[in-house]
Each structure stands twice: as structure tokens, then as C-alpha cells.
Amino acid sequence: MPLIDIQNLNVSFSQHEGLLQAVRGISLQVEAGESVGIVGESGSGKSVTFMAALRLLREPPAIVTADRLNITDIDIMSADKKKLSSLRGRVVAMIFQDPMTAFDPVFTIAHQIIETIRTHRPRTSKSEARTEARELLLRVEIKNAADVLNYYPHQLSGGMLQRAMIAMALSCRPQILIADEPTTALDVTIQAQILQLIKQLQIELDMGLIMITHDLGVIAETVDRVLVMYGGRIMEQAPVQEIFDNPKHPYTSALLQSMSGNLNKDGRLTEIKGTSPNPITPPSGCPFHPRCSIAQPKCATSSPEVSQVGPDHTFNCWEVS
Amino acid sequence: MIMYILRRLVSIMVTFLIVSVIIFLMMHAIPGGPFDAQDMPLSEAVRAKLMARLGLDQPLHIQYFKYMWGVLHLDFGVPYQSPGETVLQLLSRAWPPSLILGGLGMLIGVPTGILLGMAAALKRNTWIDYLASAVATLGLTIPVFVISMMLILVFAVWLGWLPASGWGEPKKWILPIIAYAAIPMATYARYTRSAMLDSLNKPFVTVLRAKGLSERRIIFQHVLRNSSIPMVTVFLPMFIGTATGSIFVEAMFRVPGLGAYFVTSIETRDYPLEMALILMITMAFSLAYLISDILYAWLNPRIRVGGTQE
């Protein structure tokens, strides 16, 4: 049984201008212990998918529907608040993009880690939880852990806070860690350290990892399998090496082309022409067709079906298939 | 921090002196005096003797320094309208009703306002929010004497449940306390609502949810604590405002509090009482703001603990 099993997930937000369709019929499965990368540009629906999967979006304005949405054996769509709370942090932990705003500014780091531990294991005493918190900080390579416990968030740098957030996320031994752009807000020099730390902890603790990012470089270093998202849909899924060596979908290819380091013949960075689709009035058919260099009339009228190229490699494109 | 407090205390003393000069000059700039002929038919000789005894015949700057010298020794003089006691005795007699009514008004108004604001923030854009906002807006916009009048009309005249005015038995306190509570209630409802909405939209709230904390714990421990900073800092100045008596509420309910003396001391040119009242309020507000600022720093770790250490 997969750890996360999503069938036909739709997420929209009711807004003044109309219904903003952030996720449009996504299906995906994540096995226990697996590491999966979710790649896509801003607005592709990659974060919203997992926020919705944990019911972390405010509903309304968010509207979440799914044919199936299971995490472990819990049916998320029908789970009550208590069941959802006991799942969050314990089975699935999340770390977020901006560590500077992720902690409550008026409590110490110790307080915020201890409260996480004691929420899921209420029988742990405060001093036991404190010892655990210190060990967790050491584990994420914060050397002066005993001091850092007593710090308030504003006293730590972004990199240190992101380490502390990882420590907090790991405090209840989650089966899977969802990292939502965990390095985007950090200095480039720190990014590699944090990624390496996440990867190393994932292996040591034998937990699953979902890495949400717009950066293909991050994906290459941390995950086994990749899902490419665009316009609220999955465009391609494949093992990480396949994505880089044998991309099928024109969007995947374009994304790889636009990685920095790939200069075109004028010595300029390659870009994908056009702009992301408007989520209120998404294009009919394949969401990428207005920007696709090989689009056919058919692409504008009907959504491409799934094509299989390898045992684990699928993509959704009329023209390539 | 100690340097900061000392600096603030010095600046309060300077403010105090400036206010005293301005008030003293304005008081004497108002035409007329305490013993004018149309109010008090006294003979010239008696009037001159009275003026001499009270020192009113001396030059203004001498009068000022004499008065302030007294103030330094906590001697605020004798009120002209009640020469049988000192100003301090009069104030300590008149203050309790204002303090009790103002204090109880805050005690009722502030928690009600906080609850109203919380309900509005947590149920935003529902009828609860609209109702709470409407109540808060009415509380702030309807003048307190209109509220007082409506309370008297409904509860004293029409329903006959409560006495319309007076002082003494606690039954008579109820209506003025409600009138006093209106402004703290409305102010707190608005502060709480906006502070809570502000905190609820912070990214750390999503992190707390993702950690598996119950909604109740998130609201009561984290959101409320983050919203409490502005709520705590407006408390003391507001308390001074209500506890020094509202001229209107006390006049409407005929409460023998401080409020009335603000009017009569100006009307009758009761210089010592007028000075004492205004200096007292200046000092109370200055100290209230100082304590609020210290509380603000103490509640906010970003100020209390200082800058980045890493």
C-alpha cells in the first residue's frame, strides 16, 4: 500500500475574479521510504497539492475534491480534525520555504520543538523533551545546541533556523518529510549544506522525502523519482536519471534547456517563451500548448492521455507519443 | 534599559514643567478672576485682603514659582470653592467614585471587547464578524452622553429596573459602569480583531498546523500571545482616561466624581484645583505611557533579548 495515494485531486480557490484552478486532476502515489521530487514553475500547483493533501488550506476559500486521498490508511477527505492533527507532524512532517517566518517570534526554539514532541507524545516529560530537542539540534549539525535552545527565532540566521525547522520536523520521527522549497530563501552557500543534510537524514532515518522545488539542480541531488508539473497538471513522471537523459515532454525539455549554464548561441540564457497560464481561465487541452514549439491543433482541444515509455516513465503529450 | 527608563523619566519631568507653565499662563489669561464683583459682591477692602492672602496680588511669575515650590512639597494649596480642606483632601474625596466606576467599566469593557474581537477574527466575514464590528463601531461613534441617555431612558424610565442616577448603593453604579465600558469595549474589539487577523495570516500559523497542534492551542497560545502586544500597551493609558472621570458620564448620572471638578474649577477660576487636576493627569498619562513602553519591550523578545547573536 502506498504511503500517499492521491487520485484525481482538484484544488481551486474561489476569488473575486472567478474560480482559480490551482490543481486540476492530479493522481500520484508515494511509497514508504521513497524520495520524490516535484518540479514546476511558480503557480504550477506543486505546493498547493501537498498543502491540500494535509488539508492545510483554509476551506473556504479553497475547495478540495478528490476521488481518493489517502495517507497511510487514513482517508483524508473524511477524516475529522483530531485525526488530521494526529497525522500532521507525526506521519507527515513539513518544512517550508522561509525559515525566518516559520517560527513563532515570541517563543524560544526549545519551546517550539518541545511543544511538537509533547503534542504527539503527551506522556513525554518537559525535561525529557528538552533533552530530545537538544539531540535533534545536534543531529542537524547545530554545534552550540544547548545555547540555541534558549534563543528566540530572531537571534538565529536563516540557515540555522532552517536547520532548527528540520530538527523540529524530525522530532516525531515522521514516515515522510515534505520539503517545500527548503532552500529558496537561503544564501547559495548554505543551500548545498541544507540539501545534503536533508538527504543524509532521509537515508539515516529511512523516511520518505517529497522535495518541492523549481530548481532542477536540487532535484538531481536529492531524489530518486521526479514529477514535472505545469498548469495544475502532471506533465511527466520518471526516475531522476531518465528526466535528465531522456526527457519526453516538450515542457520538461524546455525546463532543462532553461537551467542556468545552458547558454544559447547568442550567449544568453534560454527561456521558455510566453508566460504561465492564467489559473482562472486555463487553456483548454494541454495547458502547455500556447507556449509549446511543437503544438498541434489537437493539443488545444483535448487533454493528452498518459503514454508509457519505460516501467516507471510516463508523460502526457499528444505530439511526442 | 535602565538608561532608557532614566531618560524617559527626565523627559517626563520636562513635559511636566512645560505643561505647568502653559496651564498656569492660560489659566490666568482667561478674563476674570475668582472674586469678581458680578459673582461675589464684596467690598473693595475685603477683596484686596483676600487677594493678598491668596497671593493673587503678586506678579505672575512669583505666583508660579510659589505654587510650584508647594507642588514639590506635595502641597497643592487650598481650593477656593471649598476652603475648609486642601486640594489633596478634595481630590482624595472625589476620586474614589471615578476610580471605581472607571475601573469597573474597564473590567467589563476590556474582556467583552477582547471576546468580541476574537469572535470577529475567527469567524471573519460571517454575520458574527459583521455584528461585532457594528457593535464596536457604534460604541466608538455614539457619544457617551447619548449612550448614557439611552440607558437611562430604557432601564430607568421605561423598564424601571434601575435608578436613573445618584451614588451610594451599588445598584446605582450599574448604568454608569455600562456607559463607561462602551469605549474600552469598542476599542478592544477593534484592536483584537485586527491584531488576531494579522497574526492568523502569519506563515508560522501554517507551520503550527503542519506540526499537528490543535486549533485551540494555536489560537489561545500562539495567536493570542502574538496579538496581545498592542492589546497590553493600550490598556494603561485607557485606564487613566476612564479612571480620571468622564465629565459626561458623571454629569448624566450625577456621580460625585472628579469629572465635575474639571468644569467647576475652570468656571470659578479655582486656580489651585485646576492646576492640581491637570498636573495630576499629565503625570498619570506620562507614567502610563512609560510603563506601557516598558511592557511592550518586555513582551516582545525582539526588543527584550536584543539583536542577532549568530
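So here's what we get for this one:
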{"item": "When residues of the stretch A:117-126 are limited to those that are open to solvent by less than 40 Å² (accessible area, probe 1.4 Å) and not in a loop (DSSP other than H, G, I, E, B), the one farthest from the other protein chains (Cβ to nearest Cβ)", "result": "A:I117"}
{"item": "Selection count where residues are open to solvent by 70 Å² or more (accessible area, probe 1.4 Å) and in a loop (DSSP other than H, G, I, E, B), scope the stretch A:24-42", "result": "3"}
{"item": "Identity of the residue in the stretch A:131-161, open to solvent by less than 20 Å² (accessible area, probe 1.4 Å) and in contact with a Phe, Trp or Tyr (Cβ under 9 Å, 6 or more places away or on another chain), that ends up nearest to the other protein chains (Cβ to nearest Cβ)", "result": "A:L156"}
{"item": "Filter result (over 24 Å from the mean Cα position of the chain (by Cα) and β-branched (V, I, T)) within the stretch B:63-85", "result": "B:V78"}
{"item": "Count of residues meeting criterion [more than 7 Å from chain B (Cβ to nearest Cβ) and either among the charged types (D, E, K, R) or touching a strand residue (DSSP E or B) at 6+ places or on another chain (Cβ under 7 Å) (or both)] in the stretch A:88-114", "result": "5"}
{"item": "Residues of the stretch B:184-207 classified as more than 10 Å from chain A (Cβ to nearest Cβ) and buried (at least 18 other Cβ atoms within 10 Å of the Cβ), total", "result": "12"}
{"item": "Which numbered condition A:Q202 misses (of (1) part of a helix (DSSP H, G or I); (2) over 19 Å from A:L3 (Cα atoms); (3) not aliphatic (A, V, I, L, M))", "result": "(2)"}
{"item": "Pairs where the first residue, in the stretch A:89-116, is buried (at least 21 other Cβ atoms within 10 Å of the Cβ) and the second is assigned to a strand (DSSP E or B), C-beta under 6 Å, 6+ apart", "result": "A:V92/A:I176; A:A93/A:L177; A:M94/A:I178; A:I95/A:A179; A:F96/A:D180"}
{"item": "Set B:L151, B:L131: member being of a type in the set (A, V, I, L, M, F, W, C), surrounded by fewer than 16 Cβ atoms within 10 Å (Cβ to Cβ) and closer than 24 Å to B:M238 by Cβ", "result": "B:L131"}
{"item": "Criterion (open to solvent by less than 70 Å² (accessible area, probe 1.4 Å), small (G, A, S) and part of a loop (DSSP other than H, G, I, E, B)) met by exactly one of B:G77, B:G102", "result": "B:G77"}
{"item": "Unmet criterion (only one of (1) over 19 Å from B:P272 (Cα atoms); (2) assigned to a loop (DSSP other than H, G, I, E, B); (3) open to solvent by less than 70 Å² (accessible area, probe 1.4 Å)) for B:P41", "result": "(3)"}
{"item": "Breaking point among (1) open to solvent by 10 Å² or more (accessible area, probe 1.4 Å); (2) under 28 Å from B:F262 (Cβ atoms); (3) of a type outside the set (D, E), for B:P111", "result": "(2)"}
{"item": "Exclusive hit being charged (D, E, K, R), within 14 Å of chain B (Cβ to nearest Cβ) and out of contact with any Leu (no Cβ under 7 Å at 6 or more places or on another chain), set A:D215, A:D180, A:D245", "result": "A:D180"}
{"item": "Residue that is modelled with the lowest pLDDT, among those in the stretch A:241-270 that are of a type in the set (A, V, I, L, M) and open to solvent by 20 Å² or more (accessible area, probe 1.4 Å)", "result": "A:L263"}
{"item": "Matching entry among A:A179, A:A164, A:A129 (being of a type in the set (A, V, I, L, M, F, W, C) and not in a helix (DSSP H, G or I))", "result": "A:A179"}
{"item": "Residue that is closer than 26 Å to A:S276 by Cβ and either crowded, with 16+ Cβ neighbours inside 10 Å or away from chain B (no Cβ under 14 Å) (or both), where the choices are A:Q15, A:Q21", "result": "A:Q21"}
{"item": "Options B:A156, B:A181; residue that is without any contact (Cβ under 8 Å) to a residue 40 or more places away in the chain and open to solvent by less than 60 Å² (accessible area, probe 1.4 Å)", "result": "B:A156"}
{"item": "In the stretch A:28-50, the residues that are within 14 Å of chain B (Cβ to nearest Cβ) and either modelled with pLDDT under 90 or farther than 15 Å from A:V91 by Cα (or both)", "result": "A:S47, A:V48"}
{"item": "Lone unmet requirement of (1) in contact (Cβ under 8 Å) with a residue 40 or more places away in the chain; (2) open to solvent by 20 Å² or more (accessible area, probe 1.4 Å); (3) more than 12 Å from chain B (Cβ to nearest Cβ); (4) of a type in the set (D, E, K, R) for A:E204", "result": "(1)"}
{"item": "Helices (runs of 4 or more DSSP H) completely within the stretch B:208-291 that count 3 or more residues being out of contact with any Leu (no Cβ under 8 Å at 6 or more places or on another chain) and within 14 Å of another protein chain (Cβ to nearest Cβ)", "result": "B:224-233"}
{"item": "Odd one out for B:I229, checked against (1) open to solvent by less than 40 Å² (accessible area, probe 1.4 Å); (2) over 25 Å from the mean Cα position of the chain (by Cα)", "result": "(2)"}
{"item": "Flag if A:T189 is in a loop (DSSP other than H, G, I, E, B), open to solvent by 40 Å² or more (accessible area, probe 1.4 Å) and either of a type outside the set (D, E, K, R) or within 13 Å of another protein chain (Cβ to nearest Cβ) (or both)", "result": "no"}
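The values are calculated or read from the model by the stated rules, or taken from the named source; none is laboratory data. Predicted model only: the values in this text are computed from it and were never measured. Glycine also receives a Cβ, built like all others from the backbone with ideal geometry; neighbour counts cover every protein chain displayed. For the accessible areas, the whole protein counts, side chains as well, though only heavy atoms, and no ligand, DNA or RNA atoms are used. Shrake-Rupley method; radii C 1.70, N 1.55, O 1.52, S 1.80 Å.
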